[in-house]
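Some notes on the structure that comes next.
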Amino acid sequence: MAVPQNTPETAAHIKRIKKSSAAPTPQIMKQGALTPWLYLLPALLVMSFFIVYPMINTIGLSFQNRDGTASAATTCVEGQSCWGIFENYHYAITAEFNTSSLQAFWKSFWSSSYGNTIKWIVVMVFGTVAFGLGFATLADRVKYEALAKAIIFMPMAISFVGAGVIWKFVYDYGTQQSQIGLLNAIITTFGGKPVAWLSTIPINTFMIVLVGIWIWSGFCMTILAAALKSVPDEILEAARVDGATEWTVFWKIMVPIILPTITVVVTTMVINVLKLFDLVYVMTGGNFQTDVIANRMYTEMYKNFNVGRGTAVAVVLVLTIIPFIYLNIKRFMEQEAAR
Amino acid sequence: MASVTFDHVFKKYGDVTAVNDLNIHIEDKEFLVLVGPSGCGKTTALRCLAGLEEISGGEVRIGERVVNDVAPKDRDIAMVFQSYALYPHLSVYDNMAFGLKLRKTPKEEIKRRVSEAADTLGIQDFLQRKPRQLSGGQRQRVALGRAIVREPKVFLFDEPLSNLDAKLRVQMRSEISKLHQRLQTTFIYVTHDQTEAMTMATRIAVINKGVLQQLDTPQNLYDRPNNLFVAGFIGSPAMNFFRGKLRKDGDKLLVDTGDFSVVIPPSKSKVYENHAGKDVIFGIRPENIHDADFVPANIDSEKVNVKVDVTELMGNEIFLYLMSGSNNFVARVDPRSKLRVGQQATVAFDMDNFHIFDAGTEQAIR
């Protein structure tokens, strides 16, 4: 055999050829079946230990009492309706609601963590996607595009706790004499009356949502801008020649073409908002009817020290998020398949 | 239906002048082809006409109307793009109907026009499909259909065939020509392919470096190129050029290339007499160089000794790549020619068909 240099590779290659001629299955194929698992193993181990095990444990704890020493059924209160082993879920789902009348239920629903989470989802997802899309479209047409985008993206670099503190100052409601809050300072300068932004129901929830929008718009913008850039200029020009105004080009051509990306951004944002905790925790601690599901989980767990109830809220939250994660993955797979 | 006029049109990008003082008047129902090498400004000129680029100076008119400040949507033009530029999220039908819907054309009318155009182009079976489910040729037809249904005053084509394979290109070429005859509308077509220009145009505008070189019918461009650029650009294989000197030898006027010299026939020498002693470029097309054994009767021919470098048999003809001293050139000779690679041979220059250009200005001497 004319092998110029007997390098380790060629030697191994020859060995493989020799082996494969003897064995029915070539060595390289056996290796193909096993080796990937070997490389995956560390990741699988870590993930099992830190994700799968805690998840199973959480589900287990959600069926037990406040310190995990007995079944949740033992926490039932005499004379009140009881869901047995699901008592923590009974609490997690119904405790915030006043079921005495339909009207009372309606009212209590919208001040509960569930109602607030829905407000968050609707306003924040719409807000971030709308602003993101708007900024992306406009930034595409300005001279210093990178700079404009960087400025809008900047809040993403601030931690949520930091952002919460900053905006707490902006919204600050001082005394009648001195207003150190920026927003109230502006209002009083123009002769207005200062507003207690974070404790006035129902505007307080929306004031916190606004901070969320401020932070996340840049994220949406970045992803949507990338999608917009991938729309070929010629298609837009074709539409203009075809008789479309800029407005029509945007709504009838650009938006439909990037719709798959918009969907991904929307579902991603829904997941983000469902998990949102820090802003509410820092700015109001969930008081003044601003509670959300994730903050409630924290409150039950680390303020009330009720492990059973805390984990039950956590499980409810996970179950709410799963459909959106499913949607996101499905979308992603479809996109990959279309490629 | 309308005429189109470029009146001293300039387009500048900073220091770069993409279109330099362009003056073209395109008659109604004309098929004008803008041709030139890539980056010569032909596409920019077309885009200025479409309104996709603002012009830096001059005037663009469609019909009698100055359209300098008119938005593309109001210019009543349709454009076919190189990349087809179909709307990926719309079906073929909706792609074609898009412009009509925006103009609030009645539904029945849209349906009639789209199916008529689909009939003409043979795409009736794909109307419900999305563009990505179509082949390149089918997409190109849809792009054409989208332009046709609008019934615009002027059709613009921006290298519409360059993404197609060679066979399809030839087919679409003749279809676009037919379409022009059927629609009787002004067509303005941009290409870098001189074959497309020659086969389809009623007139061709040759552009180089943003400047219009010559505007004429295909035959005139071929027979009487104004300058060296046009002569070299139009025709394939390209015209052969030889640097030389116009020299008087007794009564005879000849072009001396240093390696060989050819005598200009007396019937033609009058034009060139005043230029004797000048440095010139002598140009002759490959088909006007013959194998000495197969010279057509009744032509004034001049013999030149050559060495055969490469031969390419095409079946109906042979391309000979020849050398004479430092000159390399191509001849397109009779397929019966027996010349073979490496042979010393004699070829005949048809002195009824040659061109002489001023070596300095590169303009044709006439």
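Please list, ordered by residue number, the helices (runs of 4 or more DSSP H) wholly in the stretch A:117-212 having 1 or more residues that are among the polar types (S, T, N, Q).
Values: elements: A:126-139, A:145-153, A:160-170, A:182-189.
The qualifying helices (runs of 4 or more DSSP H) are A:126-139, A:182-189.
Take the stretch B:102-115 and flag every residue that is more than 8 Å from every other protein chain (Cβ to nearest Cβ) and either open to solvent by 60 Å² or more (accessible area, probe 1.4 Å) or touching a residue at least 40 places away in the same chain (Cβ under 8 Å) (or both).
If we filter the stretch B:102-115 for residues that are more than 8 Å from every other protein chain (Cβ to nearest Cβ), which is where we start, we get B:104-115.
Result: B:Lys104, B:Pro106, B:Lys107, B:Glu108, B:Lys111, B:Arg112.
Name the single residue, out of those in the stretch A:218-232 being of a type in the set (Val, Ile, Thr) and assigned to a helix (DSSP H, G or I), that is nearest to the other protein chains (Cβ to nearest Cβ).
Taking the stretch A:218-232 as the starting set, the residues that turn out to be of a type in the set (Val, Ile, Thr) are A:222-223, A:231.
Next, only the ones that are assigned to a helix (DSSP H, G or I) stay: A:222-223.
Details: A:Thr222: 23, A:Ile223: 19 Å.
Selected residue: A:Ile223.
If I filter the stretch B:322-333 down to residues being surrounded by fewer than 17 Cβ atoms within 10 Å (Cβ to Cβ) and without any contact (Cβ under 8 Å) to a residue 40 or more places away in the chain, which single residue comes out as farthest from the chain's Cα centre (by Cα)?
B:Met323
Which of the following residues is more than 14 Å from every other protein chain (Cβ to nearest Cβ) and among the β-branched types (Val, Ile, Thr): A:Ile186, A:Ile235?
Working: A:Ile235 fails: more than 14 Å from every other protein chain (Cβ to nearest Cβ).
None of the other options fit; the residue is A:Ile186.
Mind checking whether some residue in the stretch B:9-19 is within 24 Å of B:Ala143 (Cα to Cα) and under 18 Å from the mean Cα position of the chain (by Cα)? Please lay out each step first, then the result.
Narrowing the stretch B:9-19 to residues within 24 Å of B:Ala143 (Cα to Cα): none.
No, every residue in the stretch B:9-19 fails to be within 24 Å of B:Ala143 (Cα to Cα) and under 18 Å from the mean Cα position of the chain (by Cα).
Among B:Ser83, B:Ser115, which is the only one that is within 27 Å of the chain's Cα centre (by Cα) and either under 20 Å from A:Asp233 (Cβ atoms) or among the polar types (S, T, N, Q) (or both)?
On the way: B:Ser115 fails: within 27 Å of the chain's Cα centre (by Cα).
From the options B:Ser83, B:Ser115, the qualifying one is B:Ser83.
Do we find that A:Val280 is within 14 Å of chain B (Cβ to nearest Cβ) and not polar (S, T, N, Q) in this structure?
Details: within 14 Å of chain B (Cβ to nearest Cβ): no; not polar (S, T, N, Q): yes.
No.
If the requirement is being more than 22 Å from the chain's Cα centre (by Cα), open to solvent by less than 50 Å² (accessible area, probe 1.4 Å), facing chain A (nearest Cβ under 10 Å) and over 22 Å from B:Pro131 (Cβ atoms), which of these qualifies: B:Gly57, B:Gly99, B:Gly51?
B:Gly51
Condition first: at pLDDT 90 or above and either at positive phi or assigned to a strand (DSSP E or B) (or both). Now tell me which residues in the stretch A:43-70 satisfy that.
Within the stretch A:43-70, A:Gln64 is the sole residue that qualifies.
Of the numbered conditions (1) open to solvent by less than 50 Å² (accessible area, probe 1.4 Å); (2) of a type in the set (Val, Ile, Thr); (3) under 25 Å from B:Pro72 (Cβ atoms), A:Thr245 fails exactly one; give the number of that condition.
(1)
Which members of the stretch A:275-314 meet the condition of being of a type in the set (A, V, I, L, M, F, W, C) and either in contact with a Gly (Cβ under 7 Å, 6 or more places away or on another chain) or outside any helix (DSSP H, G or I) (or both)? Steps first, please.
Let us first name the residues in the stretch A:275-314 that are of a type in the set (A, V, I, L, M, F, W, C), namely A:276-277, A:279-280, A:282-283, A:288, A:292-294, A:297, A:301, A:305, A:307, A:312-314.
Within the stretch A:275-314, A:Leu276, A:Phe277, A:Leu279, A:Val280, A:Val282, A:Met283, A:Phe288, A:Val292, A:Met297, A:Met301, A:Phe305, A:Val307 meet the criteria.
Among the residues of the stretch B:117-161, what is the count of those that are out of contact with any Asp or Glu (no Cβ under 7 Å at 6 or more places or on another chain) and open to solvent by 40 Å² or more (accessible area, probe 1.4 Å)?
14
For the stretch B:69-96, name all the residues that are more than 10 Å from chain A (Cβ to nearest Cβ) and among the β-branched types (Val, Ile, Thr).
Of everything in the stretch B:69-96, those that are more than 10 Å from chain A (Cβ to nearest Cβ) and among the β-branched types (Val, Ile, Thr) turn out to be B:Val70, B:Val92.
The values are calculated or read from the model by the stated rules, or taken from the named source; none is laboratory data. The model shown is predicted, which means the values in this text are computed figures rather than measured ones. Neighbour counts run over all protein chains shown; Cβ positions are idealised from the backbone, glycine included. Surface areas here come from the heavy atoms of the whole protein model, side chains and all, with no ligands, DNA or RNA. Shrake-Rupley method; radii C 1.70, N 1.55, O 1.52, S 1.80 Å.
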